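Report on one structure; see the data block that follows.
The values are calculated or read from the model by the stated rules, or taken from the named source; none is laboratory data. In this text the structure is predicted, and so the values were computed from the model without any measurement. In this analysis, Cβ positions are derived from the backbone assuming ideal geometry, glycine residues included, and neighbour counts consider all displayed protein chains. Ligands, DNA and RNA are stripped out before the accessible areas are found, and what is left, the full protein with its side chains, is counted by its heavy atoms. Shrake-Rupley method; radii C 1.70, N 1.55, O 1.52, S 1.80 Å.
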Amino acid sequence: MEIPNESLQEIVEGKTKLLVPKGSITEKVPPKEPAFFNPKARLNRDFSIIAYAAFLEKFQGPKIFLEGLSGIGARGLRVANELHIDNLVINDLNPTALKMAEYSAKINEIKNVEFFEKEVCRFFSNFSKKGERGSIVDIDPFGSPAAFFDCGIRATMHGGILSVAATDLQVLNGLFQSACKRKYGGIPVRVEYGNEMAIRLVLGCLRMVAARLGVEVEPMFVESDMHYYRTYVKVRNRPDQEENIGYILHCKNCGHREISLEQKQECELCKSKIGIAGPLWIGKIFDKKFVENMLIQIPNLQVDKVCEKILNKCLQEAEMPATYYTLDEVAKKMKSSPPKLEEVIEKLKENNFVASVTSFNPTGFRTDAKINKITEIFQSIQ
């Protein structure tokens, strides 16, 4: 097939050919016209392929992939081409992006695909009846996904997976607290582990919307990169009875933090006034079995080598305490240089604490030790 226009070019991502605007490859910031495509988000799409492969392997029902904001269709087309699904449904309001997606579907010989040009929630409402819902629902907007939680959950079948990305990082990281409260129903505190707090705010909001609809969401996998946060949750048509919404309490004075169902006013270690983040998700954010299944899928797929390294970290931290510490954060409090991460983890374990690396930060670690014990361990290594 001839490329329809000289401002477009064909690339290969994973095992899939994609028609993309030339500007998205040549310019520093990918242009929004004629259609948006971000080549740097390839890693994020690779993770989607791995997560959806792990999900589809165990899923018994009809395999229908609904993509609400598809752009040129890169993610959906890769799923249809590289995994086994029955039906791909792509939606975007940009007719040029849809034409490019149609061209890419043809060159990859993808037959089981439909295209819609609708506002996201109108699109999802076509699939919100029992028997018509998607087994995988994917929402990847510019900015906040919160406006689409309601229709996205309604369009996900029982036992299906809903994945949403957020790129409104300044709001979620505490720069605009009142905007965060309006969009996600909770507020953050500015901390070193802001990316985890942001993901917990997104999950908390998803959980509250789901609860209103009498539905349960269970996080399977989350991912944070420089420009976005992405969550993958399993949706079940039953009410959620668990107490998984609460607060992160963070003391700016001594660095102590705790997860709590209740708000508290003072730090239990140094009695200073404590910062309160939330309401947000306080349950697990990784499903260990699901992460194991993701790792099993990697040899069958064409994805970046770094995916395996990151997933191995996710596996180690899957059942660890919420919120992580960073070497720099602790060393700064002690006015010393940071020790090696491996040494810190080893020493914590020797002292009968649980400890692991984290996928959220290259110098981060999770542990059930409190900050005073962590500083003692840092001193013993110096």
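Computed quantities for the displayed model
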| read-out | value |
| --- | --- |
| Considering residues of region 196-212 that are touching a residue at least 40 places away in the same chain (Cβ under 8 Å) and in contact with a helix residue (DSSP H, G or I) (Cβ under 6 Å, 6 or more places away or on another chain) only, the residue surrounded by the fewest Cβ atoms within 10 Å (Cβ to Cβ) | 209 |
| Number of the exception - residue 168 against (1) of a type in the set (D, E, K, R); (2) within 30 Å of residue 279 (Cβ to Cβ); (3) exposed (fewer than 15 other Cβ atoms within 10 Å of the Cβ) | (3) |
| Of residues in region 69-120 being part of a helix (DSSP H, G or I) and among the polar types (S, T, N, Q), the one nearest to residue 151 (Cα to Cα) | 96 |
| Odd one out for residue 221 among (1) modelled with pLDDT under 95; (2) of a type in the set (A, V, I, L, M, F, W, C); (3) closer than 26 Å to residue 59 by Cα | (1) |
| Close pairs from region 360-375: first over 24 Å from residue 227 (Cβ atoms) and touching a residue at least 12 places away in the same chain (Cβ under 8 Å), partner among the basic types (Lys, Arg) and in a strand (DSSP E or B), Cβ under 8 Å, at least 6 apart | 371/257 |
| Unmet criterion (only one of (1) outside any helix (DSSP H, G or I); (2) touching a residue at least 60 places away in the same chain (Cβ under 8 Å)) for residue 337 | (2) |
| Candidates 57, 33, 10 - the one that is among the acidic types (Asp, Glu), part of a loop (DSSP other than H, G, I, E, B) and either surrounded by fewer than 21 Cβ atoms within 10 Å (Cβ to Cβ) or in contact with a strand residue (DSSP E or B) (Cβ under 6 Å, 6 or more places away or on another chain) (or both) | 33 |
| Filtered residues of region 60-69 (kept if closer than 12 Å to residue 140 by Cβ and open to solvent by 10 Å² or more (accessible area, probe 1.4 Å)) | 69 |
| Top-ranked residue in region 213-248 [being open to solvent by 20 Å² or more (accessible area, probe 1.4 Å) and among the hydrophobic types (A, V, I, L, M, F, W, C); ranked as nearest to residue 169 (Cα to Cα)] | 226 |
| Output for region 175-195, where each listed residue is under 24 Å from residue 332 (Cα atoms), in contact (Cβ under 8 Å) with a residue 24 or more places away in the chain and open to solvent by 10 Å² or more (accessible area, probe 1.4 Å) | 189, 191, 192, 195 |
| Extreme residue, farthest from residue 363 (Cα to Cα), among residues of region 148-205 that are touching a Cys at 6+ places or on another chain (Cβ under 8 Å) and not in a helix (DSSP H, G or I) | 185 |
| Residue in region 279-293 that is within 30 Å of residue 240 (Cα to Cα), more than 18 Å from the chain's Cα centre (by Cα) and in contact (Cβ under 8 Å) with a residue 60 or more places away in the chain present | yes |
